[in-house]
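Step one of this worksheet: look at the structure below.
Each value in this text was obtained by applying a stated rule to the coordinates, not by laboratory testing. Since we're looking at a predicted model, the values are computed, not measured. Ideal geometry is used to build each Cβ from the backbone, glycine not excepted, and the neighbour counts take in all protein chains shown.
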Amino acid sequence: MFQTFSFVHVGFLAHAALWTAALSAVALAGGAVGGLLVAGMWIAETAWVRGAARGFVAVIQGTPLLVQLFLAYFGAAFAGLDVPPLAAAALAFNLWAAAFLGDIWRGALEAVPREQWEAATALGLRRLTMLRLVVLPQAVRPAIPPTVGFLVQLVKNTALASIIGFRELTRAGQIVANVTFQPLAVFLTVAVFYFIICWPLSLASRRLEARIGSGRMNPLSERTL
Amino acid sequence: MTVSRRLAFGAAALPLALSAAREARAQTAAPSALDAAIKRGSLIVGTSLSSPPFGIVDANMQPDGYDVGIAKLLARELGVKPDIQDIVASNRIPSLTSGKVDIVISSFSITAERAKAIAFTNCVYVDQQVMLGPKSVQITGIEDLKGKIIGVTRSTTNDIAVTRHAPEGTQIQRYDDDAATNQAILAGQVQGMVTSAGGAYAIREHNPTLETKFIVSEAPMGIGLRHGDADLLHWLNTTLFMLWTNKEIQPLQQKWMGGANTDLPRYS
């Protein structure tokens, strides 16, 4: 009945790691689109649009991700919708990532000095043009470290999706640990897989920061456009 | 201010809306999960695959264990394929009530409290809840738990048993899944754990430094299904009775638990 930890198990874990990576990628893609929307709404001129963005972020940040996963999976079922685990997890992680990325990015936008916005308005730039040419180029760099920090967290938080029957890396680790009774070896392997997913993210972040350059840049230089 | 008040109202209204939706669904006489399974060609069974020896994976990483064996027998009798869904212990009832699975066979101890939310079939196994601990730790009875750290899986009958019987001063450490509880005792983070006799047998097989200290209580286990599905309940009880009579359940118990029950108590 019991097995020794072997390459079969490592393969099983690798397969689950792919699911972890896939869920992370989906959450990243959906979260990036949603986050842009939230950040854009947050700095909008219309009061109710700003209020909606703030309300959304407050609700998502103010409730545990675990509860959101439960609502997306079991809650939807009670409402008569049969949502498969992958879809429920993707939905919950998309909303969650959208709220946090939106909050990070509106912070970066607001960190661009007020004078820059005013000067751009004085030059007669329309709002979208001003954002594109003046504000965004200056907001990108300070946004990178917290964004990557959040993405790494996101990858690790996908472990929570196991609660709704999504077999990702951590759940696969539990299953293997319980058939091999070698938790140390199993979870060290699990940690290595997480590291393989997360480390390139951190590395890419540092590269990106270096490429965009240090210090304040000239917003109108061709390099940043 | 108004925004936050509106949010608070929305948050409070959500569970109400959900339960209203559930009631609306319950009233439109749902077809039996039995017919649904036959039509679908598969029986969807919720089982935790990290609960040896009830639910584990085999050398090919396919579902295996006592509960999976029962699920396969039932699917065979129904003439459909077994579709084993891995669920964690704390989601056994939500998985049923939300309609995610047809039945739950997952070391599911029968309790009056649980029976308020879901229905149980007759027993598939009568387990004992035992205290498992390292040979080096002196524990002979429930009083000895005082001052000790005891691991248990949250919201299981093991949890209920140790919470009810342990003396004051016992540190009960609750984990979310059998996987975590088993790891805690193997890693020496707890000085004892309460688990099923079957589970203790599985762990002892692997780690001879552990021994069963004493029996905490008895735990008859059944198959969980949704309330109000008389057809499925009756079919399951009938089939369990026939499988037991034809001596198909006993070898499974022998294989996975190291011994078979002399009889399975029946209440219908």
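Just a few scattered comments:
- The protein assembly as shown: C-alpha pair distances exceeding 44 Å, %: 26 percent
- Normalising the average separation of contacting C-alpha pairs (under 8 angstrom, six or more residues apart) by the number of residues puts the relative contact order of chain B at 24 percent.
- Furthest towards positive pole of dipole, A:Ala58, A:Leu37, B:Leu49, structure part the protein assembly as shown, Cβ charges: A:Leu37
- Counted as membrane-span-like here are DSSP H helices of chain B whose alpha-carbon atoms extend 20 Å or more along the helix's own axis and whose Kyte-Doolittle mean is -1.0 or above; these are B:2-27, B:230-245.
- Summed residue charge, Cβ within 15 Å of A:Gly149's Cβ, Lys/Arg positive, Asp/Glu negative: +1
- Amide hydrogen neighbours beyond the local backbone of B:Lys213, cut-off 5 Å, H modeled: B:Met131, B:Leu132, B:Gly133
- Environment charge of B:Thr181, counting only residues whose C-beta is closer than 13 Å and scoring Lys/Arg +1, Asp/Glu -1: -2
- Length available on full extension from B:Gln62 to B:Lys135: 0.36 nm per residue minus the Cα-Cα distance, which gives 22.9 nm.
- Close amide H partners of B:Gly46, meaning residues 5 or more places away or on another chain with modelled amide H under 5 Å apart, are B:Gln85, B:Asp102, B:Ile103, B:Val104, B:Ile105.
- Student exercise, the protein assembly as shown dipole from Lys, Arg, Asp, Glu Cβ charges, in Debye to nearest 20: 1460 debye
- The HN-Hα couplings worked out from phi for region A:148-159 by the Karplus form 6.51 cos²θ - 1.76 cosθ + 1.60 (θ = phi - 60°) are 5, x, 5, 4, 5, 4, 4, 4, 6, 6, 4, 4 Hz, whole numbers, x standing for Gly and Pro.
- Normalising the average separation of contacting C-alpha pairs (under 8 angstrom, six or more residues apart) by the number of residues puts the relative contact order of chain A at 30 percent.
- Basic side chains Lys and Arg get +1 at the Cβ, acidic Asp and Glu get -1 at the Cβ, and with that the dipole of region A:86-225 about its Cα centre reaches some 220 debye.
- Over the protein assembly as shown: helical MRE at 222 nm, DSSP H runs n ≥ 4 each giving -39500 (n - 2.57), nearest 500: -18000 deg cm²/dmol
- Chain B shape via C-alpha gyration tensor axes, a/c threshold 1.5: oblate
- Shape call, region B:112-236: gyration tensor on alpha carbons, a/c limit 1.5: prolate
- Percent antiparallel among DSSP beta bridges (both partners in the protein assembly as shown, rounded to 5): 60 percent
- Considering only B:Asn60, B:Asn182, B:Asn122, the Gaussian network model of chain B with Cα springs below 10 Å gives its largest mean-square fluctuation to B:Asn60.
- Cα gyration tensor category, rounded, prolate or oblate, for chain A with a/c compared to 1.5: oblate
- Fewest-first ranking of B:Ser32, A:Ser6, using other Cβ atoms within 10 Å as the exposure measure: A:Ser6, B:Ser32
- Inter-chain Cβ neighbour count for A:175-188, averaged per residue, equals 6 (cutoff 10 Å, partner chain atoms only).
- Working from Cα pairs under 8 Å separated by at least six residues, relative contact order for region B:86-162 is 31 percent.
- If you run the Gaussian network model on chain B, springs between alpha carbon atoms under 10 Å, then out of B:Ser106, B:Ser50, B:Ser196 the most flexible one is B:Ser50.
- Straight-line cross-link reach from B:Lys135 at under 19 Å between alpha-carbon atoms covers these lysines, not counting any fewer than eight positions away in the same chain: B:Lys146, B:Lys148, B:Lys213.
- Burial ordering of B:Lys255, B:Lys148, fewest other beta-carbon atoms within 10 Å first: B:Lys255, B:Lys148
- Taking amide H as placed 1.01 Å from N in the peptide plane, B:Gly151 has its amide H under 5 Å from the amide H of B:Gln173, B:Gln191, B:Gly192, B:Met193, B:Val194, each at least 5 places away in sequence or on another chain.
- Counting DSSP beta bridges with both ends in region B:128-219, the antiparallel % (nearest 5): 60 percent
- Approximating the spin labels as points 7 Å out from Cα along Cα→Cβ, the B:Thr163-to-B:Asp263 distance works out to 3.4 nm.
- Positive minus negative residues near A:Gln3 (Lys, Arg vs Asp, Glu; Cβ under 11 Å): -2
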